[in-house]
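Following: one structure in structure tokens, then a few remarks.
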Amino acid sequence: MNLKNLNKIIEKEPAFRKKQIEKLIYQDAIDDWDNATVLPLKLREELKKETSLKIKAEIFKSKNVEKALITLEDNSQIETVLMKHDDRTTVCVSSQVGCALGCKFCATGKLGFKRNLETEEILEQVLVFKRKERIRNIVFMGMGEPFLNYDNVLNAVKILNNENAFNIGARHISISTVGITEGIEKLSNEKLQVNLAISLHAPNNNLRLKLMPISKKYSLENILKTVNEYIKKTNRKVMFEYTLIDNVNDSIENAKELSKIMKHPLYMVNLIKYNDTEEFKAPSNEKIKRFKNYLEKGGINVTERYRFGGDIHAACGQLCLKK
Ligand code: SAH
Ligand code: SF4
């Protein structure tokens, strides 16, 4: 898809055309300008020549999950995942090509960083699936760190939320960050009801630093302080993601430390069973249960994320352009 010349074309048109075209691209999700029959033929021809709605994507399917490997204009590749559970359809989008933060357990981190995605490249990932399914939820939990591409991510969120475009409720949009405090602060001033998730994965700075090098810049204390300010301003719940990795962060001692820092009525802990890589493995289900029970007994709000998509390399942390 390439909409770089779109503004140039819209500029010359009467004001209502902009809305009409936005609706065609994002709400009606047309994949060919020939289907834009509400537009005058001459304009349609110009749009056809100067922009493209074609998305180059290879789709992989598994039970309840589809993965799209999208090739962008500059031949960079990104991955997007569609998940279907109960009546909810969620698209997990990428915010960057690769990721610069190199978390030890994450396959995307191993790819390194290539570049930020443009707003339309973020939206294109939702369109791939919207052209055939009704989409209810969006999570920014694919490749990359959303808050290191703040402006394009927020622009995309606004278009996803816009009634004339995707019309997805802000409460159905979640952004996950390793804890870039500047981003959390900015988000708290946006007056948007989107959900914030923090990738925690360790209950203390020492362990977190071993797993996530960026912890050097953003300490746990700093992140929690910023999150508390966010909560004060927005009065919204915050989700803490804790991926359980065998013999790394899954001991009762770890659970004890975690329950000490997670005691807050608006904190939710989401436990995720690790998706195995060469270096790290998932704990047994018994160990996960024991960890979860410990937190529950301590009065922590805790949920467990069901994992799927592993067979097509579509699960959390597995997005690394492998087929
Ligand atoms: N960069 C952002 C957005 C990516 S979200 C962030 O890290 O928050 C992807 C989530 O999956 C993160 O919480 C990440 O830590 C987690 N993850 C990475 N590798 C994983 C793996 N192998 N198994 C389970 N979760 C993993
Ligand atoms: Fe980047 Fe998130 Fe993976 Fe860390 S977990 S390397 S921040 S995508």
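Checked across the stretch 129-141, the condition of being part of a loop (DSSP other than H, G, I, E, B) and within 16 Å of ligand 1 (Cβ to nearest atom) holds for at least one residue. Hey, can you tell me all the residues within the stretch 255-278 that are more than 10 Å from ligand 1 (Cβ to nearest atom) and in a loop (DSSP other than H, G, I, E, B)? If the condition is that a residue be more than 10 Å from ligand 1 (Cβ to nearest atom) and in a loop (DSSP other than H, G, I, E, B), then MET262, LYS263, HIS264, PRO265, LEU266, GLU278 are the ones that fit. Scanning the stretch 1-24 for residues that are more than 16 Å from GLU73 (Cα to Cα), among the aliphatic types (A, V, I, L, M) and touching a residue at least 40 places away in the same chain (Cβ under 8 Å) returns a single hit, ILE9. For HIS201, state whether it is in the same structural domain as GLU286 (by TED's automatic domain parsing), surrounded by 19 or more Cβ atoms within 10 Å (Cβ to Cβ) and not in a helix (DSSP H, G or I). Yes. Name the single residue, out of those in the stretch 85-103 being at negative phi and surrounded by fewer than 16 Cβ atoms within 10 Å (Cβ to Cβ), that is farthest from ligand 2 (Cβ to nearest atom). By that ranking, first place goes to ASP87. The set of residues in the stretch 53-76 that are touching a residue at least 60 places away in the same chain (Cβ under 8 Å) and within 16 Å of the chain's Cα centre (by Cα) comprises VAL65, GLU66, LYS67, ALA68, LEU69. Every residue in the stretch 34-91 that is in contact with a Ser or Thr (Cβ under 6 Å, 6 or more places away or on another chain) and not in a loop (DSSP other than H, G, I, E, B), please. Those that are in contact with a Ser or Thr (Cβ under 6 Å, 6 or more places away or on another chain) and not in a loop (DSSP other than H, G, I, E, B): ALA68, GLN77, ILE78, MET83. If you check ILE214, ILE223, ILE175 for being in the same structural domain as ASP246 (by TED's automatic domain parsing) and under 27 Å from LYS19 (Cβ atoms), only one passes: ILE175.
Mind checking whether some residue in the stretch 168-178 is free of Cβ contacts under 8 Å to residues at least 24 places away in the same chain, assigned to a helix (DSSP H, G or I) and more than 11 Å from ligand 1 (Cβ to nearest atom)? Scanning the stretch 168-178, I find no residue that is free of Cβ contacts under 8 Å to residues at least 24 places away in the same chain, assigned to a helix (DSSP H, G or I) and more than 11 Å from ligand 1 (Cβ to nearest atom), so the answer is no.
Evaluating ILE122 against the criteria (1) at pLDDT below 95; (2) not in a strand (DSSP E or B) leaves one unmet condition, (1).
Could you tell me whether ALA165 is modelled with pLDDT of 95 or more, away from ligand 1 (no atom under 16 Å from the Cβ) and assigned to a loop (DSSP other than H, G, I, E, B)? Criteria met by ALA165.
The values are calculated or read from the model by the stated rules, or taken from the named source; none is laboratory data. All figures in this text were calculated on a predicted structure; none of them were measured in a lab. Please note: Cβ atoms are built from the backbone with ideal geometry, for glycine as well, and neighbour counts cover all protein chains shown.
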